[in-house]
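Notes to accompany the following structure.
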Amino acid sequence: MHNRLVQIVTGLLCFFSIPLMAQPIVVNPAIKTASISPNMWGVFFEDINMGADGGIYAEMIKNRSFEFQKPLMGWKLDNKPFREGAITVQNRQQANTNNPRFIRVQATDVAGSVLSMTNEGFRGMAVKKDLRYDFSCLYQHADNQTDVRMQLELIDTLGKTLGGAIIQPAVSAGKWSKFTASFTATATNAKAKFRITFTGRGSIDLDMISLFPEDTWKKRPGGMRADMIQLLADMKPGFIRFPGGCIVEGFDLNNRYQWKKTIGPIEERQLIMNRWNVEFAHRPAPDYFQTFGLGFFEYFQLAEDIGAKPLPILNCGMACQFNSAELVPMDQLDPYIQDALDLVEFANGDTNTVWGKKRAAMGHAAPFNLTMIGIGNENWGPQYVERLQAFTKAIRSKYPGIQIIASSGTDPVGERFDFLNQSLRAMQVDFVDEHYYRKPDWFLSNASRYDAYTRNGSKVFAGEYAAHSDSKQTAEKRNNWQAALSEAAFLTGLERNADVVQMASYAPLFAHVEGWQWNPDLIWVNNQQVIGSASYQVQKMYALNKGTHAVTISRNGAVMAGKDSLYASAVIDANTQVLLIKIANVSATTQTLPIDIAGVKMQGKMVQQTLLQHPDLMAANSFDQPDNIVPVQTTVLCKSKTFTYEAKPYSFVLLRIALKK
Ligand code: AHR
């Protein structure tokens with residue numbers, strides 16, 4: 001009975017909605033309303049969710065230099081029969097303040113004794129059969145009377161070897177030297193470990209014990225996970241914002257991100273605790289640290305590799321206001337400002353300059369072409385404005401060409417936002433960085449947020465956004481289709497207002513399924529797999545189809561920002577003479593949409609449709625079903641004067657139409 005009633009009501013709704021459905025969408029490719037910035041769609045990388053160490057940084061050894069708070073965290077010692085002092089943690093203290101700890105191993109050749117140490121990796125180590133693994137360490141011997149040998153092995157969870165090598169570093173008495181060795185894995189394993197077994201007699205000191213796979217991004221030694229970076233490259237992002245996020249601010253000022261400590265030889269980069277280690281009681285991450293093997297040089301290089309403009313964010317003299325909220329007194333702000341000025345020199349300076357020389361010494365004599373810099377992340381209040389003013393004055397006076405991106409706090413509305421938005425615009429910052437972590441409904445009802453925005457002055461950088469669905473689904477499944485579809489709808493509003501919003505990036509970017517603190521996230525990984533979420537597919541569709549100019553698209557004379565559950569934007573690519581129309585149908589019904597394209601003879605034209613769709617809003621991409629929600633491309637021939645698009649329920653489509661014959 002109930003079902004029957006539903007059928008009748010649905011039938012009536014369909015019946016009454018027929019005249020509305022017939023309303024055409026009108027697109028005029030000749031009326032350009034805004035230029036689209038070439039770097040409109042970018043990515044935001046933060047070392048959260050094991051994004052860097054244990055993530056894109058391909059180092060397989062956790063706690064390689066024994067600098068974690070617990071010096072042997074990640075390592076398991078096997079010392080049988082037990083000998084006191086067989087492996088000890090040493091501390092050089094003042095002799096090496098950046099990297100004080102190392103271990104001292106005292107080996108004996110007693111038959112039957114075992115002395116080994118095993119590293120568990122970052123939630124295990126993914127090992128691939130026939131792939132080369134590159135080991136390195138720093139070592140020294142106490143004296144010349146030593147013949148310590150080390151058996152290096154990748155092992156499975158039962159201790160079975162998966163390949164390795166036996167090494168005996170040349171005697172290096174009282175002097176740190178580097179040793180390298182490579183070996184090939186004999187089997188594939190998702191949860192391997194790395195064991196070093198010591199034989200021979202004498203003592204050896206070890207530090208920076210490292211293991212990298214050969215297949216890093218661009219095959220760079222000590223590089224990044226190629227499979228993860230590839231997903232970024234595939235998006236052709238216009239910019240990369242780095243390194244955060246809240247890690248820029250730090251839990252306290254001591255814990256803030258200091259770029260100068262992240263460049264140069266990796267053994268000199270001082271490790272600090274990652275603030276996400278202690279941020280959420282419900283997601284503790286006691287083994288989350290920043291080794292800075294991935295530092296500012298590597299971020300700039302990554303930006304260059306993937307054709308994205310670098311957008312570094314610097315601490316503004318304030319620690320996270322949700323945590324310690326420590327402030328640097330104004331009369332002590334100069335070193336912070338100097339860091340910003342020096343960063344510009346590091347990125348762009350001539351190789352004769354102090355910082356340009358350091359860049360060249362790291363292997364990049366050419367400038368990195370830095371054009372913009374962010375001061376502060378999610379900082380707020382008059383204290384922020386005061387500090388930002390000091391930064392702005394110094395940067396503008398020394399580098400007038402550098403654009404300044406400033407924070408509008410944590411929320412896109414409210415008193416804090418209003419105060420900052422006004423203050424920043426009065427200062428004429430180049431970009432106001434807005435963040436929106438909101439429910440899907442917010443994204444739907446805010447698709448017209450920028451339609452009536454002031455067109456003059458500072459531009460908007462949508463620096464962090466993600467629709468947070470109420471779903472109780474866990475981990476990667478929270479990146480469900482409902483969230484992604486509402487983002488797709490919202491982004492039509494950014495594209496329509498591309499004169500106001502000139503950059504946009506989803507956040508956070510990466511999450512390790514066994515090491516995350518925050519969700520949803522754009523890309524989910526384990527040690528072997530990488531999955532683009534439904535939101536990733538949306539971002540990619542925008543980034544790969546950004547066009548050069550927004551053009552008018554309307555229905556019933558109005559922009560399409562939610563009426564009849566429809567959202568749309570249109571751009572043309574003036575270089576390729578292609579029209580790109582994006583339409584989100586967030587309703588549960590198919591909508592028949594005639595599309596009139598002014599000045600274009602549609603009859604006989606091919607229309608390429610790239611469709612992202614799922615009937616279940618709770619559906620998501622997962623490790624079991626990575627391609628559950630991916631774009632499907634079809635081409636249809638338009639047989640009449642007007643092209644009619646059947647918008648499927650819960651769908652987002654890109655229509656691609658050549659303007660010329
Ligand atoms: O993206 C996760 C966090 O969200 C960022 O660190 C911060 O900027 C925001 O609050």
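The values are calculated or read from the model by the stated rules, or taken from the named source; none is laboratory data. Everything numeric here is computed off the predicted structure, so don't read it as measured data. Quick reminder, even Gly has a Cβ in these numbers, built from the backbone with ideal geometry, and neighbours come from all protein chains shown. Just the protein is used for accessible areas: all its heavy atoms, side chains included, with ligands, DNA and RNA removed. Shrake-Rupley method; radii C 1.70, N 1.55, O 1.52, S 1.80 Å.
Taking label positions 7 Å along the Cα-Cβ direction at both Met330 and Val114, the computed distance is 6.5 nm, reported to one decimal. Summarising the amide proton neighbourhood of Met224: residues at separation of 5 or more, or on other chains, whose placed amide H is nearer than 5 Å comprise Ala58, Trp217. Average accessible surface for the chain: 40 Å² per residue, computed with a 1.4 Å probe over protein heavy atoms with every protein chain in place. Rounded to 0.05, the FRET efficiency of the Thr188 and Lys641 pair, given R0 = 60 Å and the Cβ-Cβ distance, is 0.55. Histogrammed with a bin width of 10 Å, the alpha carbon distances of region 61-125 distribute as 20, 44, 30, 5 percent, first bin at zero. Pairs of Cα atoms in region 583-661 fall into 5 Å distance bins, from 0 up to the last occupied one, in shares of 3, 14, 22, 21, 16, 11, 6, 4, 2, 0 percent. Global size of region 133-198: 13.5, 40 Å for Rg and Dmax (C-alpha atoms, Rg to one decimal, Dmax whole). On a 0 to 90° scale, report how tilted helix 2-21 is relative to the longest principal axis of the chain, with both axes built from alpha carbons and the result rounded to the nearest 10. It is inclined by approximately 70 degrees.
Working from the Cα coordinates of region 57-213, the gyration tensor eigenvalues give, after taking √(5λ), semi-axes of 24, 18, 15 Å in decreasing order.
For region 324-479, with all protein chains in place and a probe radius of 1.4 Å, 50% of the accessible heavy-atom surface sits on carbon or sulfur.
For region 474-599, the alpha carbon convex hull comes to 134 Å³ per residue, rounded to a whole number. For region 173-226, with all protein chains in place and a probe radius of 1.4 Å, 53% of the accessible heavy-atom surface sits on carbon or sulfur.
The simple Förster model, with R0 at 25 Å and r as the Cβ-Cβ distance, assigns Thr589 and Lys660 a FRET efficiency of 0.10. Report, to the nearest 10°, how far helix 381-398 tilts away from the longest principal axis of the Cα atoms in the chain, using its own Cα long axis and a range of 0 to 90°. Rounded to the nearest ten degrees, it is 80. Normalised by residue count, region 272-327 yields a Cα convex hull volume of 124 Å³ per residue. For the chain, dividing the convex hull volume of the Cα atoms by the residue count gives 184 Å³ per residue.
Compactness of region 159-288, taken as the C-alpha radius of gyration over 2.2 N^0.38 Å, stands at 1.37. When every Cα-Cα distance of region 356-436 is counted in 10 angstrom steps from zero, the calculated P(r) takes the values 18, 43, 23, 13, 3 percent. May I ask for the angle, rounded to the nearest 10°, between helix 334-348 and the longest principal axis of the chain, with both axes built from Cα atoms and the value confined to 0 to 90°? Computed tilt is about 80 degrees. Semi-axes of the equivalent ellipsoid of region 422-520 are 28, 15, 10 Å, computed as sqrt(5λ) over the eigenvalues of the C-alpha gyration tensor in descending order.
With a Förster radius of 51 Å applied to the beta-carbon distance between Lys357 and Asp418, the computed FRET efficiency rounds to 0.70. Rounded to the nearest whole angstrom, the semi-axes of the ellipsoid equivalent to region 263-364, taken from the Cα gyration tensor as √(5λ), stand at 27, 20, 13, largest first.
Expressed as a whole percent, the accessible area of region 113-157 that falls on carbon and sulfur atoms is 41 (1.4 Å probe). A simple spin-label model places pseudo-atoms 7 Å from Cα toward Cβ; at Met606 and Asn456 they are separated by 4.8 nm.
Annotation for region 305-374: chymotrypsin sites (Phe, Trp or Tyr not before Pro) lying in DSSP loop with at most 13 further Cβ atoms inside 10 Å of their Cβ are Phe322. Estimated from helical segments only, the mean residue ellipticity of the chain at 222 nm is -6000 deg cm²/dmol, where each DSSP H run of four or more residues counts as -39500 (n - 2.57).
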